[in-house]
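Peer 1: Below is the structure I would like to discuss, written out as C-alpha cells.
The values are calculated or read from the model by the stated rules, or taken from the named source; none is laboratory data. Computed from a predicted model, the values in this text were never measured in an experiment. In this analysis, Cβ positions are derived from the backbone assuming ideal geometry, glycine residues included, and neighbour counts consider all displayed protein chains. Side chains included, ligands, DNA and RNA excluded: accessible areas come from the protein's heavy atoms. Shrake-Rupley method; radii C 1.70, N 1.55, O 1.52, S 1.80 Å.
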Amino acid sequence: MKILNMKTISILIIAILFLGLNLKAQQEEKPSNLEETGIIIYTEFAPVLKDANRMQFLPSIVDTVEVNPHFEYKIEPVLFKTSFKPTPITAASFSGEPLKPLYNGLIKLGMGNYLSPLAEVYYNTTRQRNYSAGAFVKHHSAFGKVKNSVDQKIFSGFNNNLVNAFAKRFFYTSTLGADISFKSNQAYFYGYDPNIIVPTDFVKPRDREEMEMQRYNKLRANINIESNNSSERRMNFKSNLAYQYFFAQSKNTQHKIDFEADLNKLVKKNRFGMDLGFVFNNDQIQDSAVFNFKETFLDLNPYFKHYSNNWQICLGVNTTGELSKQPVAYHIYPNVQFQHNISNTIIPYASFTGYVQNNTVEFLSDINPFINNFHTNKITNYAQVIDVGLKGNISRKVFFHLNANYSKIDDMGFFVNDTTTMLENKFVLIYTNVERFTGYGEIALNDLFDKLSINLKGHYYHYSYIKNREKPWHMPTVDVRLNTNYKFDNKLNFGLNADFIGARYAKEYDADLNIVEKKLKPIVDISLYGEYSFASNFQAFLNLNNITGQKQYVWNNYMSHGFNFMLGLKYLF
C-alpha cells in the first residue's frame with residue numbers, strides 16, 4: 001500500500017476546507033438552483049479499482065498414499081432348523097348348483113269331442129353314469145262325423161298308434177345305442193264329392209261300416225355307434241344300421257335295409273371326412289297282379305370343412321348311384337356351404353347342393369294317408385338347391401332368420417285325385433319338372449317381460465314350370481304360423497296358436513274330360529290352449545282347436561273337423 005507524505009495530506013485538508021466554504025457561498029447566492037453548481041478537484045492521486053476474476057478450478061489435494069479395499073466372503077454350509085406352525089383355518093367347501101329333480105315317467109290322458117281319446121305313457125331312466133333307457137306309447141283316434149257340401153254327415157275317423165323302446169350305453173370313447181319301434185296309422189277314405197255320378201247299384205258310403213279303410217304299419221329296428229373323442233389323434237366316426245318292414249292292409253309290403261356312416265378326422269382347424277350311405281328296398285305291390293321290384297342306392301360324399309373364429313366353410317361332392325337301374329344312373333352334386341359370424345349377432349350363410357328323393361308308398365303315406373297304393377312312384381331329383389340366408393340375434397331375447405331358396409327339381413310329384421277309382425277319393429302323383437323359389441322368414445321373441453314368448457314364421461312359394469304348364473296341385477303359395485305362450489304365474493300358462501295356408505288348386509275334369517282348376521279356400525285355424533299345475537307333478541290341460549269353426553280342406557273333398565277340444569291330465573312319477 002502506498003503511504004501519503006505530509007505535503008499531500010496538507011493539500012487535501014486545505015482543499016476540503018476550501019470546498020466547504022465554496023458550497024456555503026453558493027447556497028447563499030443561489031439557494032434554489034443546485035444544478036448549476038460545479039465541482040473541480042485538483043490532486044495528483046487518482047485511485048483505480050480493478051475487476052475481480054473468479055478462479056475456474058477447484059482446489060485438489062494430491063494424496064500419494066493409495067489404498068485398495070479387499071473383502072473376503074465365507075459361506076458356512078450349515079442348515080439351521082426352523083419350525084412354522086400355521087394357524088388352523090376352516091376348509092373351503094364348494095357346492096354346485098342344485099340339479100332339478102327328474103321323474104321316471106309321464107302319463108298323459110285326454111278326451112275330446114268327435115269321440116277322440118288321447119293316451120301317452122313315457123318311462124325313462126333318471127341320470128345314470130353308464131347307460132340310459134326308456135320306452136313310450138302313444139295313441140290318438142277319433143270316431144266322429146263331418147258334414148259334406150250337401151250337409152250329409154259322413155264318418156271321418158282315424159286311428160294312430162306308436163310304440164318305441166330305446167337304450168344307450170356310454171363307453172369312454174364311444175356311445176352305443178339301439179331302438180325298436182312299431183307305428184300304425186289307420187285312415188278312412190271319406191272324402192268324395194256327393195254330386196259325383198256312380199252306378200245305381202253302388203251306395204255312396206256315409207257310415208263307418210260302409211267306408212273303405214287303409215292301415216299302414218311300420219316296424220323298425222335300429223342300432224348305432226358314435227365316437228365321443230375330440231382329439232386330433234383319433235378318427236371320429238358315426239354309423240347307423242336299420243331294418244324296416246312296412247306293410248299295408250292292401251297287402252303292399254316293403255323290406256328296407258338302411259346303412260349310414262360318417263368318418264372324419266380333425267387336423268387343427270380343418271376336418272376331412274366321408275359320408276357313406278346304402279339303401280336297399282324290396283317292394284311288393286298287389287293289385288290284379290303282384291309286382292316286385294328292387295331298388296339299391298349308394299351314396300359317397302367326400303367333404304372338407306374349415307373352422308375359424310368367424311368362418312365355417314364346407315367343400316365337397318355328393319354322389320348318388322341308382323345301382324338297380326340298367327344302365328346304372330349316377331347323380332353328382334356340389335356340396336358347398338359357408339357361414340360367417342359377425343360379432344356373434346349376425347350370421348350370413350349360403351349353400352349349393354342337391355339330392356335324390358325316393359317316393360315310395362312308405363314315404364308318401366306319412367304325407368298323405370289317402371294315397372292309392374297300387375301305383376308305382378318315381379325318383380325326384382333335386383338337381384340344384386341354392387340357399388342364401390341371414391340369421392342372428394337382435395338382442396338376448398330376439399332371434400330372427402331370413403332365407404331365400406332356389407330349387408331346380410326333376411320329376412317333382414303333386415297329388416291329384418285318382419279318376420280310375422269309383423268315388424275318386426284316392427290320390428296319385430303326377431310328375432313334372434319345375435323351378436321353385438321359396439322365401440322364408442322367422443322371428444322369435446323369448447321371455448318378454450319374463451312371461452311372454454312369441455314365434456312367427458312363414459313361407460312364400462313360386463313355381464315356374466319347365467315342361468307341363470299346370471298348377472302346383474295342392475301346394476299353397478304362402479303359409480304362416482304363429483305360436484305364443486304366456487306364463488301367468490308358476491301354476492298357470494296359456495297361449496294362442498294360429499295357422500294360415502293360402503289358396504290351393506285341385507285338378508278335376510268336367511264331362512268333356514277337360515281339366516278344371518278347382519280352387520280350395522285358404523285355411524285359417526286358430527287354437528287356444530292352457531295348462532294349470534295342481535302340484536309340481538300334476539297338471540290339467542285344455543286345447544280348443546279351430547275355434548272359428550271353419551270348414552277346411554287340406555286335401556280335395558277331405559274336410560277336416562270343425563271346432564274341437566281336448567281336455568286331459570298329465571302326471572309325472
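Peer 1: With the structure loaded, tell me whether residue 456 is open to solvent by 70 Å² or more (accessible area, probe 1.4 Å), part of a strand (DSSP E or B) and among the aliphatic types (A, V, I, L, M) or whether it fails that test.
Peer 2: yes
Yes/no per residue for (1) under 21 Å from residue 565 (Cα atoms); (2) in contact with a Pro (Cβ under 8 Å, 6 or more places away or on another chain); (3) open to solvent by 50 Å² or more (accessible area, probe 1.4 Å):
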site: 481; (1), (2), (3): yes, no, yes
site: 498; (1), (2), (3): yes, no, no
site: 519; (1), (2), (3): no, no, yes
site: 538; (1), (2), (3): yes, no, yes
site: 554; (1), (2), (3): yes, no, yes
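Peer 1: Here's another thing I want to ask about it. Looking at (1) in contact (Cβ under 8 Å) with a residue 40 or more places away in the chain; (2) open to solvent by 20 Å² or more (accessible area, probe 1.4 Å); (3) more than 28 Å from residue 159 (Cα to Cα), find the lone condition where residue 389 falls short.
Peer 2: (2)
Residue-wise test of (1) β-branched (Val, Ile, Thr); (2) buried (at least 16 other Cβ atoms within 10 Å of the Cβ); (3) touching a Cys at 6+ places or on another chain (Cβ under 6 Å); (4) not in a strand (DSSP E or B).
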site	(1), (2), (3), (4)
476	no, yes, no, yes
485	no, yes, no, no
544	no, yes, no, no
548	yes, no, no, yes
561	no, yes, no, yes
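Peer 1: Tell me which of these residue 444 doesn't satisfy, since it passes every other one: (1) closer than 26 Å to residue 555 by Cα; (2) open to solvent by less than 20 Å² (accessible area, probe 1.4 Å).
Peer 2: Here residue 444 meets the rest and fails (1).
Peer 1: Oh, and also: Since residue 175 meets every condition but one in (1) closer than 30 Å to residue 232 by Cα; (2) of a type in the set (S, T, N, Q); (3) assigned to a loop (DSSP other than H, G, I, E, B), which condition does it not meet?
Peer 2: Single failed check for residue 175: (3).
Peer 1: Pairs please, first residue from segment 183-197 and without any contact (Cβ under 8 Å) to a residue 60 or more places away in the chain, second anywhere and aliphatic (A, V, I, L, M) and open to solvent by less than 20 Å² (accessible area, probe 1.4 Å), Cβ atoms under 9 Å, 6+ apart in sequence or on different chains.
Peer 2: 188/211; 194/154
Peer 1: Please go through segment 421-459 and give me each residue that is in contact (Cβ under 8 Å) with a residue 40 or more places away in the chain and under 30 Å from residue 510 (Cβ atoms), ordered by number.
Peer 2: 421, 422, 423, 424, 425, 426, 427, 428, 429, 430, 431
Peer 1: If you check residue 449 against the conditions, is it out of contact with any strand residue (DSSP E or B) (no Cβ under 8 Å at 6 or more places or on another chain) and among the aromatic types (Phe, Trp, Tyr)?
Peer 2: Against the criterion (out of contact with any strand residue (DSSP E or B) (no Cβ under 8 Å at 6 or more places or on another chain) and among the aromatic types (Phe, Trp, Tyr)), residue 449 qualifies.
Peer 1: OK, next. What residue, of 425, 373, 368, is in a loop (DSSP other than H, G, I, E, B) and touching a helix residue (DSSP H, G or I) at 6+ places or on another chain (Cβ under 7 Å)?
Peer 2: 373
Peer 1: Within segment 216-236, track down each residue that is part of a strand (DSSP E or B) and either open to solvent by 80 Å² or more (accessible area, probe 1.4 Å) or in contact (Cβ under 8 Å) with a residue 40 or more places away in the chain (or both).
Peer 2: Scanning segment 216-236 gives 216, 218, 220, 221, 222, 223, 224, 225, 226, 227.
Peer 1: Criterion first (closer than 30 Å to residue 102 by Cβ, among the aromatic types (Phe, Trp, Tyr), touching a residue at least 24 places away in the same chain (Cβ under 8 Å) and surrounded by 16 or more Cβ atoms within 10 Å (Cβ to Cβ)) does residue 170 satisfy it?
Peer 2: No, not satisfied.
Peer 1: Name the pairs: first residue in segment 123-150 and under 30 Å from residue 196 (Cβ atoms), second residue surrounded by fewer than 16 Cβ atoms within 10 Å (Cβ to Cβ), Cβ to Cβ under 6 Å, at least 6 apart or on different chains?
Peer 2: That search, which allows pairs on different chains as well, returns 143/115; 144/115; 145/153; 147/153; 148/194; 150/194.
Peer 1: Here is a further query. For residue 241, only one of the following conditions fails: (1) open to solvent by 80 Å² or more (accessible area, probe 1.4 Å); (2) over 25 Å from residue 131 (Cβ atoms); (3) part of a strand (DSSP E or B); (4) among the hydrophobic types (A, V, I, L, M, F, W, C). What is its number?
Peer 2: (2)
Peer 1: Separate question: Restricting the search to segment 318-335, which residues are open to solvent by less than 60 Å² (accessible area, probe 1.4 Å) and in a strand (DSSP E or B)?
Peer 2: If the condition is that a residue be open to solvent by less than 60 Å² (accessible area, probe 1.4 Å) and in a strand (DSSP E or B), then 318, 319, 320, 321, 322, 329, 331, 333, 334, 335 are the ones that fit.
Peer 1: Moving to a separate point now. Filter segment 257-299 for residues that are in contact (Cβ under 8 Å) with a residue 40 or more places away in the chain and open to solvent by 70 Å² or more (accessible area, probe 1.4 Å); which is farthest from residue 331 (Cα to Cα)?
Peer 2: Out of the qualifying residues, it is 287.
Peer 1: Keeping to segment 392-415, report how many residues are open to solvent by less than 60 Å² (accessible area, probe 1.4 Å) and touching a residue at least 24 places away in the same chain (Cβ under 8 Å).
Peer 2: So the answer is 16.
Peer 1: OK, next. Which condition number in (1) without any contact (Cβ under 8 Å) to a residue 60 or more places away in the chain; (2) in a loop (DSSP other than H, G, I, E, B); (3) farther than 27 Å from residue 117 by Cβ is the one that residue 518 fails?
Peer 2: For residue 518, the exception is condition (2).
Peer 1: From the residues in segment 336-365 that are closer than 25 Å to residue 245 by Cα and either within 24 Å of the chain's Cα centre (by Cα) or free of Cβ contacts under 8 Å to residues at least 60 places away in the same chain (or both), which one is surrounded by the fewest Cβ atoms within 10 Å (Cβ to Cβ)?
Peer 2: The residue in question is 363.
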